[in-house]
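Encoded as structure tokens, the structure appears first; notes follow it.
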Number of protein chains: 2
Amino acid sequence: MSRIPTVKTADKRRLEPKERELEIVRGAVAFFAEFGFDGSTRELAARLGITQPLLYRYFPSKEALLDRVYEEVYVNRWNKEWETQLRDRAVPLEDRLVRFYRGYAKVILNYEWVRLFMFAGLKGLDFNARYLAFLRSSAFDLIAREIRLEHGMPTDGPILNEEAELIWGLHAAIFYLGVRQFIYGMPVPDDLDADLALRVRAFLRGMPAAVGDLIHQEGAGQARRAG
Amino acid sequence: MSRIPTVKTADKRRLEPKERELEIVRGAVAFFAEFGFDGSTRELAARLGITQPLLYRYFPSKEALLDRVYEEVYVNRWNKEWETQLRDRAVPLEDRLVRFYRGYAKVILNYEWVRLFMFAGLKGLDFNARYLAFLRSSAFDLIAREIRLEHGMPTDGPILNEEAELIWGLHAAIFYLGVRQFIYGMPVPDDLDADLALRVRAFLRGMPAAVGDLIHQEGAGQARRAG
DNA sequence: TAATCTGTTTATCGAATGATAAAGGAGGTC
DNA sequence: GACCTCCTTTATCATTCGATAAACAGATTA
């Protein structure tokens with residue numbers, strides 16, 4: 001019987017605890033991203049080439065392992081420099097936005113990030129809402145103000161819901177690339193950088209114009225008021 | 001012990017088969033939309049106020065019930081008139097698009113549609129890809145051609161990937177309203193009609209301009225070519 | 001080489017799962 | 001009112017789940 005390595009690093013057993021733990025976490029990320037939280041610990045262990053009870057030597061429960069999986073995929077992924085770059089008015093706004101979304105897309109548009117995010121939402125965890133509240137306060141408001149500045153509008157007042165919603169729209173369109181690819185199994189544009197540049201350009205052409213229309217019709221004919 | 005009705009129509013047992021079947025399907029739609037396909041038949045039965053084996057009197061297996069759930073939520077939901085309306089050039093294009101997306105949003109932006117759609121994708125069913133291929137061939141191409149006409153461009157050639165992608169973007173932004181609301185549990189604009197009008201307006205301001213830039217720079221400086 | 005430590009496996013438990021068989025019971029028919 | 005039809009329940013099975021306890025085995029130390 002020739003040896004059939006179940007894991008890339010072959011069949012060396014008795015690893016250092018830290019090494020084994022890392023291998024489990026890496027495997028768990030890939031495994032739960034594929035099957036969701038209902039994937040069984042036995043099948044995960046089989047994929048790792050270890051026995052199921054060994055998982056419980058390293059994690060007290062399945063839930064503890066899942067917590068670690070989320071930490072691995074989502075914690076410390078936000079690049080603080082993105083905010084600095086978005087504010088750098090020496091660079092044209094369009095270039096700033098393209099650069100930001102290229103960096104951001106590189107972080108979120110992958111199999112594990114997209115699928116685990118959706119699994120978390122469907123399970124009812126508050127993780128998604130908390131993450132997106134952070135995203136909105138960190139990036140959306142900032143982007144809205146830079147766009148206002150670009151169009152000679154006052155930047156101090158609170159951001160309108162409409163402004164935020166259209167930025168949501170750009171974000172959604174980009175994230176949906178990941179949904180299409182990693183959840184629906186559909187093809188996406190092969191040149192992501194060019195695609196992002198196109199989306200940012202269309203956004204910058206349309207969003208300020210639509211918001212401008214909104215403001216000018218305010219008080220006039222069909223006024224809209226938030227409930 | 002006062003009677004505690006588990007279902008709206010109270011505790012009348014021994015229903016007509018057709019009536020019971022419909023009650024099961026309705027309950028299954030709500031149940032599996034909430035818990036996914038791994039929701040247990042016992043809990044579903046408990047919600048319906050019946051016993052679990054009774055489900056197997058009406059459906060040979062859990063999978064058969066799930067098939068019926070999908071039929072209930074997704075089949076015959078497409079309105080053929082939408083295509084006719086999109087083509088009606090007596091109406092301004094913006095109005096046509098707003099009208100279409102208002103009707104379409106009414107169909108898809110609900111708890112069951114959004115969540116079951118995502119559960120299906122995560123499970124690896126080809127349902128999502130097939131549905132969206134239909135959507136693209138039914139609506140996206142049509143919309144792209146109407147936009148071309150509006151801007152005095154030839155409508156006969158094949159739709160560019162870039163045109164389709166920006167329409168994907170509008171679609172994604174609208175669908176993402178459902179994701180935010182029914183999967184992430186976040187608030188969405190209270191006035192959906194106004195929100196859709198805003199998104200369509202921003203889209204129509206930005207998309208043709210971005211595509212136009214693309215075409216004019218074609219052959220010139222940074223030509224892009226699909227792999 | 002014997003003893004010890006500890007990473008790993010084997011064996012197993014109680015609960016929950018989809019599914020089946022048989023008994024019960026409500027409502028109509030003669 | 002006895003009988004029959006068939007909708008519904010009770011009882012149960014084999015499997016799979018997360019989790020635990022005990023045995024095993026490789027490596028280090030004396």
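The values are calculated or read from the model by the stated rules, or taken from the named source; none is laboratory data. Computed from a predicted structure; not experimentally measured. Cβ placement follows ideal geometry from the backbone for every residue including glycine, while neighbour counts extend to all protein chains displayed. In case anyone asks, the SASA skips ligands and DNA or RNA and just uses the protein heavy atoms, side chains included. Shrake-Rupley method; radii C 1.70, N 1.55, O 1.52, S 1.80 Å.
The same position A:Pro158 in the other copies lies at 5.0 nm from this copy, comparing label points 7 Å beyond Cα toward the beta-carbon, shortest first. With its label point defined 7 Å out from Cα along the Cα-to-Cβ axis, B:Asp213 lies at 1.9 nm from the matching points of the other copies, in increasing order. The angle separating the long axis of helix A:161-178 from the principal Cα axis of greatest extent in chain A is about 40 degrees. Relative contact order of region A:17-72, taken over Cα pairs closer than 8 Å and 6 or more residues apart, is 41 percent.
Placing unit charges on the Cβ atoms of the charged side chains and taking the dipole of the protein assembly as shown about its Cα centre, the candidate lying farthest along the positive direction among A:Ala173, B:Tyr131, A:Leu97 is B:Tyr131. For region B:93-110, backbone phi angles converted through the Karplus equation (6.51, -1.76, 1.60; θ = phi - 60°) give residue-by-residue couplings of 4, 4, 5, 4, 5, 4, 5, 4, 6, 5, x, 5, 4, 4, 7, 9, 8, 9 Hz, Gly and Pro being listed as x.
The alpha carbon centroids of region B:38-110 and region A:100-176 are separated by 29 Å. Ranked from largest to smallest solvent-accessible area, with a 1.4 Å probe on the protein heavy atoms, B:Tyr176, A:Tyr70, A:Tyr111 come out as A:Tyr111, A:Tyr70, B:Tyr176. Divide by every residue of chain B the summed helix terms, -39500 (n - 2.57) for each DSSP H run of at least 4, and state the resulting mean residue ellipticity at 222 nm, rounded to the nearest 500 deg cm²/dmol. Computed mean residue ellipticity for chain B: -20500 deg cm²/dmol.
Each label was represented as a point 7 Å from its Cα along the Cα-to-Cβ direction; for B:His216 and A:Asp190 these points are 2.8 nm apart.
Coupling constants for region B:35-42 follow from the phi torsions by the Karplus curve (6.51 cos²θ - 1.76 cosθ + 1.60, θ = phi - 60°), and in residue order they are 9, x, 6, 8, x, 7, 5, 5 Hz; glycine and proline get x. Report, please, the projected area of the protein assembly as shown averaged over directions, based on the convex hull of its C-alpha atoms, in nm². The directionally averaged projection comes out at 30.7 nm². In terms of distances greater than 18 angstrom between alpha carbons, the cross-link table entries B:Lys62/B:Lys123; A:Lys62/A:Lys123; B:Lys80/B:Lys106; A:Lys80/A:Lys106; A:Lys18/A:Lys123 yield A:Lys18/A:Lys123. Relative intensity of chain A on a log10 scale, I(q)/I(0) at q = 0.07, 0.10, 0.12, 0.15 Å⁻¹, equals -0.33, -0.60, -0.79, -1.05, per a Debye sum over C-alpha point scatterers of equal strength in the absence of solvent.
Taking Cα pairs under 8 Å and at least six residues apart, what relative contact order does chain A come out at, in percent?
RCO, chain A: 18 percent.
Distances between copies at B:Ser137, taken between label points 7 Å from Cα along the C-beta direction, are 4.8 nm in increasing order. If you model region B:44-175 as an ellipsoid using its alpha carbon gyration tensor, with each semi-axis the square root of five times an eigenvalue, the axes come out at 38, 15, 12 Å, biggest first. On a per residue basis, region A:17-72 carries 53 Å² of accessible surface, using protein heavy atoms and a 1.4 Å probe. Among chain B residues, the one whose Cβ is nearest the axis of the rotation from B to A, given with its distance rounded to whole Å, is B:Gly206, 1. Leaving out ligands, DNA and RNA, what percent of the accessible area of the protein assembly as shown is carbon and sulfur, probe 1.4 Å? Result for the protein assembly as shown: 51 percent of the exposed heavy-atom area is carbon or sulfur. Per residue of peptide B:182-188, the mean number of Cβ atoms on other chains within 10 Å of the residue Cβ is 6.
Model label sites at B:Glu94 and B:Glu43, defined 7 Å from Cα along the beta-carbon direction, differ in position by 4.8 nm. Computed from backbone phi with θ = phi - 60° and the Karplus coefficients 6.51, -1.76 and 1.60, the 3J(HN,Hα) list for region B:133-138 is 5, 4, 4, 5, 6, 7 Hz; x is used for glycine and proline.
Buried area at the B:A interface is about 3800 square angstrom, summed over both chains, from accessible surfaces computed with a 1.4 angstrom probe.
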